[in-house]
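The structure appears below as structure tokens.
The values are calculated or read from the model by the stated rules, or taken from the named source; none is laboratory data. Being a predicted model, the structure only gives us computed values, none of them experimental. Ideal geometry is used to build each Cβ from the backbone, glycine not excepted, and the neighbour counts take in all protein chains shown. When the accessible area is computed, the model is the full protein with side chains, heavy atoms only, and any ligands, DNA or RNA have been set aside. Shrake-Rupley method; radii C 1.70, N 1.55, O 1.52, S 1.80 Å.
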Amino acid sequence: MLFRSNELSGTGYTSGGAALTGVSVTVDNTNDRGKLDADNPSWSGINAGTAKWAVFYLTGTGGLIGYWDTGGIVTNGGDLTLSLSANGLVLLT
């Protein structure tokens with residue numbers, strides 16, 4: 001079951017969001033941790049309302065990876081880039 005509400009809609013945004021690129025998984029056995037990382041997602045010329053949340057999910061299953069409270073980024077036709085942490089999207093320790 002998937003539930004999606006209040007998704008952005010407008011110029012420069014495609015329903016469902018953007019597919020992450022440069023996805024990598026790193027296992028660090030020495031320090032007992034794993035990292036899921038990707039390139040920073042971005043949109044060009046986006047004018048689609050206020051982006052309150054960024055939701056990262058698995059396509060197909062809809063499984064939630066995580067979400068990010070952006071604080072309410074107002075899109076106004078400029079470019080929007082979400083800068084992921086240097087520790088990656090997910091860091092398991």
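Residues in region 66-81 that are under 20 Å from residue 11 (Cβ atoms) and either open to solvent by less than 70 Å² (accessible area, probe 1.4 Å) or small (Gly, Ala, Ser) (or both): 70, 72, 73, 75, 77, 78, 80.
Given the criteria open to solvent by less than 90 Å² (accessible area, probe 1.4 Å), within 18 Å of residue 24 (Cα to Cα) and more than 12 Å from the chain's Cα centre (by Cα), does residue 84 qualify? The answer is no for residue 84.
Taking the residues in region 47-65 that are open to solvent by less than 30 Å² (accessible area, probe 1.4 Å) and farther than 16 Å from residue 19 by Cβ as candidates, determine which candidate is farthest from the chain's Cα centre (by Cα). Only one residue tops the list, namely 48.
Pairs are defined by a Cβ separation below 6 Å, a sequence spacing of at least 6 or placement on different chains, a first member in region 6-32 that is closer than 17 Å to residue 77 by Cβ, and a second member that is β-branched (Val, Ile, Thr); the pairs so defined are 12/46; 13/46.
Applying the criterion of at least 2 residues that are β-branched (Val, Ile, Thr) to the strands (runs of 3 or more DSSP E) found wholly in the chain leaves 24-28, 49-57, 64-75.
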